[in-house]
1. Working only within region 64-74, note down all residues that are surrounded by 15 or more Cβ atoms within 10 Å (Cβ to Cβ) and more than 16 Å from residue 22 (Cβ to Cβ).
2. Quick check: is even one residue across region 40-55 assigned to a helix (DSSP H, G or I), under 14 Å from the mean Cα position of the chain (by Cα) and surrounded by 19 or more Cβ atoms within 10 Å (Cβ to Cβ)?
3. Before we move on, is residue 144 over 12 Å from the mean Cα position of the chain (by Cα) and either under 25 Å from residue 49 (Cβ atoms) or free of Cβ contacts under 8 Å to residues at least 40 places away in the same chain (or both)?
4. Tell me, yes or no, whether region 85-94 has at least one residue that is touching a residue at least 40 places away in the same chain (Cβ under 8 Å), surrounded by 14 or more Cβ atoms within 10 Å (Cβ to Cβ) and in a helix (DSSP H, G or I).
5. Looking only at region 111-132, which residues are touching a helix residue (DSSP H, G or I) at 6+ places or on another chain (Cβ under 8 Å) and closer than 14 Å to residue 44 by Cβ?
6. For residue 58, state whether it is surrounded by 16 or more Cβ atoms within 10 Å (Cβ to Cβ), under 16 Å from the mean Cα position of the chain (by Cα), closer than 30 Å to residue 22 by Cα and at pLDDT 95 or above.
7. Just give me the residues in region 101-118 being touching a residue at least 12 places away in the same chain (Cβ under 8 Å), more than 22 Å from residue 78 (Cβ to Cβ) and assigned to a loop (DSSP other than H, G, I, E, B), in sequence order.
8. Being over 29 Å from residue 71 (Cβ atoms) and in contact (Cβ under 8 Å) with a residue 40 or more places away in the chain is the filter; apply it to region 125-141 and report the residue that is surrounded by the fewest Cβ atoms within 10 Å (Cβ to Cβ).
């Protein structure tokens, strides 16, 4: 049976039971570090993987990120997005430019979110075990980016 609770930072925690407190804390720390621009994507992936997160979905329209544990648990935390909508058209080249800037260390996560939204991206799935990210447009368009080797 699934239950709904609030995590320490007010995010929704939806689970079939509670994940370990250390895992919940690690997710919240990764979210805070990303939003502050102090954790890189590879650092976040390593930390999340170490506590059993196998994927997550950043919903840029709703302003939440939901983390999915291999155990079946999930945890949602707020994602502070700009107060502007997402354009109707999906510009894959613009999202690729934002990705490359992030990979070079030139674009931190808050700027990446702004650029992703401006490119028409409504959200993205990060598949940690599958080593790729799927960026989604409003009409189902997508761009798949595999993790660098």
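1. Hits for region 64-74 are 64, 65, 66, 68, 74.
2. Taking every residue of region 40-55 in turn, at least one turns out to be assigned to a helix (DSSP H, G or I), under 14 Å from the mean Cα position of the chain (by Cα) and surrounded by 19 or more Cβ atoms within 10 Å (Cβ to Cβ).
3. It is true that residue 144 is over 12 Å from the mean Cα position of the chain (by Cα) and either under 25 Å from residue 49 (Cβ atoms) or free of Cβ contacts under 8 Å to residues at least 40 places away in the same chain (or both).
4. For region 85-94, residues touching a residue at least 40 places away in the same chain (Cβ under 8 Å), surrounded by 14 or more Cβ atoms within 10 Å (Cβ to Cβ) and in a helix (DSSP H, G or I): present.
5. 112, 124, 126, 128
6. On the way: surrounded by 16 or more Cβ atoms within 10 Å (Cβ to Cβ): yes; under 16 Å from the mean Cα position of the chain (by Cα): yes; closer than 30 Å to residue 22 by Cα: yes; at pLDDT 95 or above: yes.
Considered against the rule, which asks whether it is surrounded by 16 or more Cβ atoms within 10 Å (Cβ to Cβ), under 16 Å from the mean Cα position of the chain (by Cα), closer than 30 Å to residue 22 by Cα and at pLDDT 95 or above, residue 58 comes out as yes.
7. The answer is 105, and nothing else.
8. Of all residues in region 125-141, those over 29 Å from residue 71 (Cβ atoms) come to 137-141.
Next, only the ones that are in contact (Cβ under 8 Å) with a residue 40 or more places away in the chain stay: 137-139, 141.
Values: 137: 21, 138: 15, 139: 11, 141: 15.
Only one residue fits best here, namely 139.
The values are calculated or read from the model by the stated rules, or taken from the named source; none is laboratory data. Predicted, not measured: the structure shown is a model, and the values here were computed from it. Ideal geometry is used to build each Cβ from the backbone, glycine not excepted, and the neighbour counts take in all protein chains shown.
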